[in-house]
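Throughout, read-outs are computed from the coordinates displayed, never taken from laboratory work. None of the values given here were measured: they were computed from a predicted structure. Because the Cβ atoms are built from the backbone with ideal geometry, glycine has one as well, and the counts that use them run over all protein chains shown.
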Amino acid sequence: MITEHSDRHLTARPADDDYRLGSEAYTDEQRTAVLAKLERYLGGQRERLLGYQVNLSLDGHAALGRFLGYHINNIGDPFVDSNYSLHSRWLERAVLEHYARLWHAPLPADPASPGDTDGWGYVLSMGSTEGNLYAMWNARDYLDGNALVRDEVSGDASCRTTYLRAQHSDDNPNAYMPVAFFSQETHYSHIKAMRVLDIPTFYDLGGSLYPGECPIDVAGTGMQTYNGWPLGGVPTTGGDEGPGTVDVDALVALVDFFAAKGHPVLVNFNIGSVFKGAYDDVQGACERLRPVFARHGLVDRAVRFDPDDPTRVSIRNGYWIHVDGALGGAYAPYLEKARDSGLIETAPPAFDFRIPEVSSIVTSGHKYPGAPVPTGIYMSRAGSKLRPPSDPAVVSSPDSTFAGSRSGFASLAMWNHLAQFSEEQQVRQAAEVLRIAEYTAERLRRLSEQLRERGEPWAEDGIEVGHGDHALSVWFQQPRAEITQKYSLACVPLNRGGIRHDYSHVYVMPHVTRELIDELLEDLAQPGAFDRSADKDAQRPPLPHQR
Ligand SMILES: *Cc1c(COP(=O)(O)O)cnc(C)c1O
């Protein structure tokens, strides 16, 4: 039956030769025909896509096609209109208001003069990768002593492209050298952002400056180390076999080590981590970090731009807490409401701006919510906003985002999505999606038991099903390629006791039904479903730890 399905779903697979562009134009009929081929292929794959965190319930967006006849561009700041008049800022601001409410960021009464803790943000043209990059850039400028939007920049204000940068005092050469902390479950976009922005990670700095002094013991976890420091991030509880949540004890010990050396601290937390869908305990961790920050002078520290002029000073914290909610930021608040109204028993821990230390949050619009193009939301506190490096007169709106041209269609799609649901519907949907994830974990565990009982070759020990609390991801031993292709399952090698084990995961998104899960389970129960001996990739060498 596997073969029968895969034949059907492979028939319409497009090929490069169908789409080559030459010096001749396609006729309208040719163009329509080859595009139809692409559409058939997409339609076939969409029906069974289970492995990636994207919501494919997009029917409500079909009517947006009529906006493709316009170039809608929100270039510049979402709150200041530019002279480019084909924009959708009204919708962008409504979307931002929605997330500000959901994440408990107070909105400014007057967007032109927000309070320091008021929310500010924008709709992303890329996904959370852009949001993470922008957050890390803002965090770096905040921590390494650059002037912020709110700081008075007297004298050299006309010098638009020059940063005003604080000088460290002689007693602490590390005062403006931020160090980044994030768990080993963290998405690769963070590693990329660290590289782009040249922010050292705790293991880079620890391994090179403090060999052998790592305050936590990672021996026996199977983690690779660099002079005793764990490569790839702060350990998660239970390591690769655990649920994927950051080990708060380890995080606090590592932060304490670098804060004691005078460094400012940049922490990333995950809400819905990339492979395991794990929720770091942001609230619990911040409560533990609070006294550490206070002890090392990282609360309301004075950043001095001019050692001889005590008035040229910026009071700000020496830490920045970022929440990567690429997946979970969009639905975890609804799970909390579902718990409060008795629909479900427990919810993931709080992560949002109710926690005073939280500085910025991102989420992706095309993951849980559902958008036909990559997009997302970035939100931070207005008083921490970085000073744009220049002020391009041609746009007539501040260059306060990452992109130049910004997708106005993305804001339109986010608005169109949100406008279709009442809060009650959102709460019910989140509870239902979680129930289907739990159903999936339960069915896979039962299958694992059956495979063990019948001594299925390649799965004699069962299929190592993993599922963390409230996670929408369920992972298990990687099946043969026909099945991973049929359901577009993501595949990742994990380290169990020093041995590489290949896993796949299912991500339960709003378009995933119990019927689709049942179909997957039926395929996985077939003899040979876990026999990968004929797969081309079965003998891949172990991969480095980051994913
Ligand atoms: C997907 C994801 C990202 C990157 O988001 P994009 O929308 O793909 O740019 C970042 N962090 C996590 C945890 C993710 O799951």
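In this simple spin-label approximation, Ser488 and Leu35 carry label points 7 Å from Cα along the Cα→Cβ vector, and these lie 2.0 nm apart. Since only Tyr203, Pro230, Ala302 are under comparison, the one whose Cα sits farthest along the positive direction of the charge dipole of the chain, derived from C-beta charges on Lys, Arg, Asp and Glu, is Ala302.
Placing a pseudo-label 7 Å from each Cα along the Cα-to-Cβ vector at Arg435 and Asp204 gives an inter-label distance of 4.7 nm. Paramagnetic label reach from Gln167 (point 7 Å along Cα→Cβ; backbone nitrogen cut-off under 12 Å): within segment 299-323, residues 304-309.
Given R₀ = 30 Å, FRET efficiency for Trp90-Ala393 by Cβ-Cβ distance, to 0.05?
Values: r = 24 Å, r/R0 = 0.81.
The calculated FRET efficiency here is 0.80.
Based on the Stokes-Einstein relation at 4 °C and a viscosity of 1.567 mPa s, and on the Kirkwood radius from alpha carbon pairs, segment 288-369 is assigned a translational diffusion coefficient of 83 µm²/s. Candidate cross-link partners of Lys337 among the aspartates and glutamates, defined by an alpha-carbon separation under 16 Å and a same-chain spacing of 8 or more, comprise Glu345, Asp352, Glu423, Glu424, Glu432.
Applying the Karplus relation 6.51 cos²θ - 1.76 cosθ + 1.60 with θ = phi - 60° to segment 459-467 yields 3J(HN,Hα) values of 9, 4, 9, x, 10, 6, 6, x, 7 Hz, where x marks Gly and Pro.
Under a cut-off of 16 Å between alpha-carbon atoms, report the lysines in cross-link reach of Lys276, not counting same-chain residues fewer than 8 places apart. By straight Cα distance, Lys276 reaches Lys367. Volume per residue for segment 113-270 equals 152 cubic angstrom (convex hull of Cα atoms).
Taking a straight line from the alpha carbon of Lys486, these aspartates and glutamates sit under 12 Å away, with near neighbours fewer than eight places off in the same chain left out: Glu4, Asp7, Glu47, Glu519, Asp523.
Please report the relative contact order for segment 128-364, taking Cα pairs under 8 Å with a sequence separation of at least 6, and give it as a percent rounded to a whole number. Before the final figure, lay out each step's value.
Values: 414 pairs, mean separation 49.3, N = 237.
Reported as a whole number, the value is 21 percent.
Using the beta-carbon distance between Arg354 and Asn174 and R0 = 30 Å, what value does 1/(1 + (r/R0)^6) give for FRET efficiency, to the nearest 0.05? So the FRET efficiency works out to roughly 0.45. Once you sort the root eigenvalues of the Cα gyration tensor of segment 463-524 as a ≥ b ≥ c, which label holds: rounded (a/c under 1.5), prolate (a/b larger than b/c) or oblate (the other case)? Cα axes put segment 463-524 in the oblate bin. By definition, a body whose alpha carbon gyration tensor gives a ≥ b ≥ c is oblate when a/c is 1.5 or more and a/b is not larger than b/c, and segment 29-68 fits this oblate description.
The Cα-based radius of gyration and maximum Cα-Cα distance (Dmax) for segment 65-135 are 13.4, 40 Å. Using alpha-carbon positions, what is the distance between the centroids of segment 50-110 and segment 193-242, in Å? A separation of 38 Å, based on Cα centres. The modelled label-to-label distance between Asp110 and Ala525, using points 7 Å beyond Cα along the C-beta direction, is 6.7 nm.
Phi angles of segment 511-524 translate, via the Karplus equation with coefficients 6.51, -1.76, 1.60 and θ = phi - 60°, into HN-Hα couplings of 7, 7, 9, 4, 4, 5, 4, 4, 5, 4, 4, 5, 5, 5 Hz per residue; Gly and Pro are given as x.
Restricting to DSSP H runs of at least four residues, report the calculated mean residue ellipticity at 222 nm for the chain, -39500 (n - 2.57) per run over all residues, nearest 500 deg cm²/dmol.
My calculation for the chain gives -10000 deg cm²/dmol from helical runs alone.
Globularity index of the chain is 1.03 (Cα radius of gyration / 2.2 N^0.38 Å, N = number of residues).
Rounded, prolate or oblate, given the Cα gyration tensor of segment 372-475, with a/c below 1.5 counting as rounded? Prolate, because a/c is 1.5 or more and a/b exceeds b/c. If both residues of a DSSP beta bridge must be in segment 128-364, then about 40% of such bridges are antiparallel.
For the chain, averaging the sequence separation of C-alpha pairs within contact (under 8 Å, six or more residues apart) and dividing by the residue count gives a relative contact order of 22 percent.
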